[in-house]
1. Once you've got the GNM for the chain with C-alpha springs shorter than 10 Å, pick whichever of PHE89, PHE258, PHE239 has the biggest mean-square fluctuation.
2. Could you check how much of the accessible area of segment 335-422 is carbon and sulfur, as a whole percent, using a 1.4 Å probe?
3. Given a 1.4 angstrom probe, what's the average accessible area per residue across segment 116-234, in square angstrom?
4. Per residue, how many Å² of accessible area does segment 392-433 show with a 1.4 Å probe?
5. Lys and Arg at +1, Asp and Glu at -1: add these up for the other residues within a Cβ distance under 15 Å of HIS224 and post the number.
6. Send over the Kirkwood Rh of segment 164-284, from the inverse of the averaged 1/r over different Cα pairs, rounded to one decimal Å.
7. What percent of all Cα-Cα pairs in segment 68-171 falls into each 5 Å bin, going from 0 up to the bin containing the maximum distance?
8. Roughly to the nearest percent, how much of the accessible area of segment 192-261 is carbon and sulfur, given a 1.4 Å probe?
Amino acid sequence: MSVTLISNAQVVRPDGIVQEDVLLDGDTIAAVGDMAPDVRPDEIVDASGLYLIPGVIDDQVHFRDPGLTHKEDLHTGSVACAAGGITTFLEMPNTRPPTITVAALHEKLQRAAERCVVNFGFYIGATPDNLTELQQAERTPGIKIFIGSSTGSLLVDEQEALERIFAETRLPVCAHCEDEATVRANAAKLNGGSCYADHSRIRDHRAALIATRRAVDLAERHEHPFHVLHVSTAQEAEFLRSTSDRISAEACPHHLLFHTGDYERLGSLVQMNPSVKTPQDCAALWDALRDGTIQVVATDHAPHTKQEKSLPYPQSPSGLPAVENSLALMLNSVHQGRCTLEQVVSWMCEGPARVWQIARKGRIEPGYDADVVLVDLEQERTVRNEQQRTKCGWSPWHGETLKGWPVRTWVLGRTVFADGRVDETVRGKEVRFRQS
Ligand code: DOR
């Protein structure tokens, strides 16, 4: 257990940014500001000119392990997280086999404990008939429902099955909201689609809004905590303004920054579910973040190989990798005047900790876990495919120069990323949810 004093950083805390010292003692933030006179740190980090933020909690990633590890695995995905300033990820159940039983969930937790350099948690996936598993699951942030199908076979779109899940389980629920019937009807009209841009015509605004309304209706009637994943349209954002406090929502950097005009330049690299929409939708999502309608920014990191992505539409799979760049994309957005650094911390650190009831994470406070990230707001770096740590080895932001990067990441008091290198021997821990 080592003691680290981070001195002279601009520390981003809920009530503002203050230059003060932060002491990490073992896996805990021991002090912020005033230090005991007898403190003897093993290391003193002079962080002059840098900002210290809580480690990012990414509440939506797909790491493909088990079953699709040619795209990513728990180790490579976690290494990419560390370099991107993400100290905790929550992973989705659409692996092979899918995480739809307590046994599969526990197996994933065991694999992650052996392989991951950052902290981790795993959702349990809903099927039309795994209610007992959903009722028995404990070591999980919650239940993931694919109300519309995406990558993999998970889908629950029959009303009766959805009613049962919301009525008879107690874990929080999150959902992929795209209406299956609308998507299928749109696809039929376009004969399945013949170019990447058809993806946004098939997975259109209506599909997103219908499914989000339907899921929120279920959650409100059954008084169930519910999180809308990857909101992509202005209409959903407007609808979410009038929902109750039990409803939370998330936006992803790709829906904030890409739009249908990008298909021409990037083709299948911006093909994802939900699809990208218009520049007006991007602007509406930013507004919804700024006014608190959407509380979380997460990546939906969904790696596929370049070869898979180069298939013609509709064989090309949906999804893009983002964990290494999401924080930098948001810090770059601070420079562009879209948001403040405090808002980035609220959406990427405090917000997910609050939504998923993760104790002692998401803030820099004495007694909190020593998951912290030093950020250089002035550093400019160009995203390059060949430098990506994700196993798929590409980024849709290749060639873009971003200003503002994480330069050092601690996970439970241990340096996992510094000087451009990830220490692959560090191990994160299983995250605990709903602890008092
Ligand atoms: O584009 C997507 N890809 N959206 C999802 O929700 C799933 C993901 C995947 O797993 O490939």
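1. PHE239
2. Numbers: 1370 of 3530 Å².
Carbon plus sulfur share of accessible area: 39 percent.
3. On the way: 4330 Å² over 119 residues.
Computed with neighbouring chains in place, this is 36 Å² per residue.
4. Heavy-atom accessible area per residue stands at 41 Å².
5. Net charge around HIS224: +1.
6. Details: mean 1/r = 0.0669 Å⁻¹.
The Cα-based Kirkwood calculation yields 15.0 Å.
7. Per 5 Å bin, starting at zero, the Cα-Cα P(r) for segment 68-171 comes out as 2, 13, 22, 22, 18, 11, 7, 3, 0 percent.
8. The C+S portion of the solvent-accessible surface of segment 192-261 is 48 percent.
The values are calculated or read from the model by the stated rules, or taken from the named source; none is laboratory data. Remember, it's a predicted structure, so these values are computed and weren't measured experimentally. No Cβ is skipped: glycine too gets one built from the backbone with ideal geometry, and neighbour counts run over all protein chains shown. These accessible areas exclude ligands, DNA and RNA; they are computed on the full protein's heavy atoms, side chains included. Shrake-Rupley method; radii C 1.70, N 1.55, O 1.52, S 1.80 Å.
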